[in-house]
Amino acid sequence: MLHTEFRPGERWWGGAVHHGSRMPFTAGSVYQIDLSVECAGNQSVPFFLSSAGRYIWSETPFTIRFDHGVITADGDAALYEAGSTLAETYRAAMKKHFPPTGDCPDLRFYRTPQYNTWAELTYNQCQSAITAYADAIVANGYTPGILMIDDTWQTGYGIWRFNRERFDDARAMIDHLHELGFTVMVWIVPYLCADSPEFREAEADPTRLLRNPDGTPFLLRWWNGYSAALDMTSEGDVRWLRSVLDSLIRDLGVDGFKFDGGSLDCYPELPGKPRAELTHAWNRFALSYRFNEVKDTWKAGGLPLNQRLRDKDHAWNGEGLSCVIPDALTASLTGHNFLCPDMVGGGSWICFVDGYPLDQELIVRFAQASALFPAMQFSVAPWRILTPENAALVRATQDLHVEMGGYIADCVTRAAETGEPVLRPLAYNYPGEDFEDVTDEFLLGDDILVAPVLEKGAVTRQVRFPSGVWESRDCGTFTGPCTAVVDAPLSVLPWFKKKA
């Protein structure tokens, strides 16, 4: 059993990325998580690091508790000394436990916006609507980029063929999307409908599917009901799924896949099949495809995976916009460098059904907060739901992302080589300047400081500046360290470039 006490002023991050809004943990925090069964629906790691040169690591899941200045952890968790600053701690842990591979997802994820059909179409994906969505993206002045076709394009879960009742000619549709300039990905999960020929074929092969102790396939409950589950630690299931996906690439021109599901909190407790290993196997399979997106990962720091934060509510607080930056900071400090926030406005589909009150100001501020992330993703169509004035403000955020695409791509390429975070807390670059508790600003690489407006109705923003001279197109020039209130009407995203 690991047991240690907080050092004076020490702060801790790690474990479950979606609990980032509760971090950093302080000597007054009370928090517990069992990483063998909990992941909060997003990235999770057996790793916690501190601002005082220490970290906790285990190769296997463990339970950890922070309780009024005392930290206890079970299993194989061990405490390491690694320097004196947050950056030194991260670098030591990264080099030892999750070193960079030298590779990254295709840079198109970061040079241009991503688009996902989910919030716009939900469970109503079809050829005419997807084609109209893509045409409208271009017609409204957005830059073509990655286009992800989401759930219900397929005949059924695990039956990865375009549904002929919804898609008259999937190849022609994909060709059209390519002609517009899009890279096309489709959504998949590691689950299989139990009333399909594909299931009967898999059931007859004892080397395939997750199985109960008596040998029968396990029926797993996930957000869309009950299904059998592929065993991605089994060569049989890996070989079968690879052949199916490769045929979509070869025959229809699909470019890649959104690898959803596979979360360890969906998997059962089965003998010899730890949940975390099943999740990690799903993530490793995604590496086979350069155009990939994952959300539910275990111990995937350092891997060249395009990782998205989990679905956020269409809300300012709670599970909405306010937790995007804290979650992203935790993701970055745990090695998830190739990072995308949730869809602009939030990806929780229930928030976009007819009659749900949409907040136009929130969508503008959500887009601004996303614009200088490594990646940016749209789904609900701004030109459809916003006034022309607000739609223009959102369009300006994608213009900024494209304008900064070269800088972002350089940061991503450098992260692939060095393991250094692309998006980082101020305390990472500026130890000793008391930024450990700043969770509503971030650095993009070394030279860009971003301080989005995160409060409804706000037209100013208090910004904490680190050492150096920081200049902005809209907000003026400031010499840090200092704190200043800047004007930030709805048309302004406060961001600053460090002068050499």
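The values are calculated or read from the model by the stated rules, or taken from the named source; none is laboratory data. Predicted, not measured: the structure shown is a model, and the values here were computed from it. Every residue, glycine as well, gets a Cβ built from its backbone with ideal geometry; the counts of neighbours run over all protein chains shown. These area figures cover heavy atoms from the full protein model, side chains too; ligands, DNA and RNA do not enter into them. Shrake-Rupley method; radii C 1.70, N 1.55, O 1.52, S 1.80 Å.
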### Query
Does Ile137 fit the bill of being within 21 Å of Asn292 (Cβ to Cβ), touching a residue at least 12 places away in the same chain (Cβ under 8 Å) and either in a helix (DSSP H, G or I) or of a type in the set (Asp, Glu) (or both)?
no
### Summary
The strands (runs of 3 or more DSSP E) lying entirely within segment 1-111 that contain at least 3 residues which are closer than 30 Å to His401 by Cα are 12-16
### Query
Would it be correct to say that Asn283 is touching a strand residue (DSSP E or B) at 6+ places or on another chain (Cβ under 8 Å) and either open to solvent by 10 Å² or more (accessible area, probe 1.4 Å) or in contact (Cβ under 8 Å) with a residue 60 or more places away in the chain (or both)?
no
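Looking only at segment 386-397, decide whether some residue is under 23 Å from the mean Cα position of the chain (by Cα), under 30 Å from Leu358 (Cβ atoms), open to solvent by 20 Å² or more (accessible area, probe 1.4 Å) and basic (Lys, Arg). Full working, then the answer.
Step one: of segment 386-397, the residues under 23 Å from the mean Cα position of the chain (by Cα) are 394-397.
Next, only the ones that are under 30 Å from Leu358 (Cβ atoms) stay: 394-397.
Filter once more, so that each one left must be open to solvent by 20 Å² or more (accessible area, probe 1.4 Å): 395-396.
From what is left, the residues that are basic (Lys, Arg) are 395.
Taking every residue of segment 386-397 in turn, at least one turns out to be under 23 Å from the mean Cα position of the chain (by Cα), under 30 Å from Leu358 (Cβ atoms), open to solvent by 20 Å² or more (accessible area, probe 1.4 Å) and basic (Lys, Arg).
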### Query
Restricting attention to segment 112-123, which residues are closer than 16 Å to Ile146 by Cα and either assigned to a loop (DSSP other than H, G, I, E, B) or open to solvent by less than 40 Å² (accessible area, probe 1.4 Å) (or both)?
Thr112, Pro113, Gln114, Tyr115, Asn116, Thr117, Trp118, Ala119
### Task
Scan (1) open to solvent by less than 10 Å² (accessible area, probe 1.4 Å); (2) part of a loop (DSSP other than H, G, I, E, B); (3) farther than 30 Å from Leu449 by Cβ for the single condition Tyr289 breaks and write down its number.
(1)
### Task
Might you check whether a residue that is touching a helix residue (DSSP H, G or I) at 6+ places or on another chain (Cβ under 6 Å), open to solvent by 10 Å² or more (accessible area, probe 1.4 Å) and over 21 Å from Ala276 (Cα atoms) occurs anywhere in segment 60-71?
no
### Query
Out of Ala40, Ala87, Ala27, which single residue is under 18 Å from Phe435 (Cα atoms) and open to solvent by 10 Å² or more (accessible area, probe 1.4 Å)?
Ala27
### Query
How many residues, within segment 190-249, are of a type in the set (Lys, Arg) and either more than 15 Å from Tyr157 (Cα to Cα) or in contact with an Asp or Glu (Cβ under 8 Å, 6 or more places away or on another chain) (or both)?
4
### Query
Are any residues in segment 396-433 closer than 24 Å to Thr334 by Cβ and hydroxyl-bearing (Ser, Thr, Tyr), and if so, which ones?
Tyr407, Thr413, Thr418, Tyr428, Tyr430
### Task
Could you please let me know if Asp106 is open to solvent by 30 Å² or more (accessible area, probe 1.4 Å), within 18 Å of the chain's Cα centre (by Cα) and not small (Gly, Ala, Ser)?
yes
### Query
Within segment 346-358, can you find the residues that are surrounded by fewer than 24 Cβ atoms within 10 Å (Cβ to Cβ) and either assigned to a loop (DSSP other than H, G, I, E, B) or charged (D, E, K, R) (or both)?
Ser348, Val353, Asp354, Gly355, Tyr356, Pro357, Leu358
### Message
Any residue at all in segment 428-441 that's assigned to a helix (DSSP H, G or I), in contact (Cβ under 8 Å) with a residue 24 or more places away in the chain and on the phi < 0 side of the Ramachandran plot?
### Response
yes
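When segment 168-184 is examined, which residues are found to be outside any helix (DSSP H, G or I) and either closer than 17 Å to Asn116 by Cα or in contact (Cβ under 8 Å) with a residue 60 or more places away in the chain (or both)?
Hits for segment 168-184 are Gly181, Phe182, Thr183, Val184.
Just to check your reading of the model, which residue among Asp175, Asp260, Asp205 is surrounded by 20 or more Cβ atoms within 10 Å (Cβ to Cβ) and at pLDDT 95 or above?
Residue meeting the stated conditions: Asp260.
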### Query
Has segment 327-345 got at least one residue that is surrounded by 20 or more Cβ atoms within 10 Å (Cβ to Cβ), touching a His at 6+ places or on another chain (Cβ under 8 Å) and of a type in the set (Asp, Glu)?
yes
### Task
Name the residue, out of Asp265, Asp251, Asp255, Asp246, that is surrounded by fewer than 20 Cβ atoms within 10 Å (Cβ to Cβ), touching a residue at least 24 places away in the same chain (Cβ under 8 Å) and closer than 30 Å to Pro113 by Cβ.
Asp251
### Task
Name every residue in segment 398-424 that is more than 21 Å from Val450 (Cα to Cα) and either open to solvent by 20 Å² or more (accessible area, probe 1.4 Å) or not small (Gly, Ala, Ser) (or both), in order of residue number.
Glu417, Thr418
### Query
Out of all the residues in segment 442-481, which are open to solvent by less than 50 Å² (accessible area, probe 1.4 Å), more than 19 Å from Pro421 (Cβ to Cβ) and outside any strand (DSSP E or B)?
Val453, Leu454, Ala458, Cys475
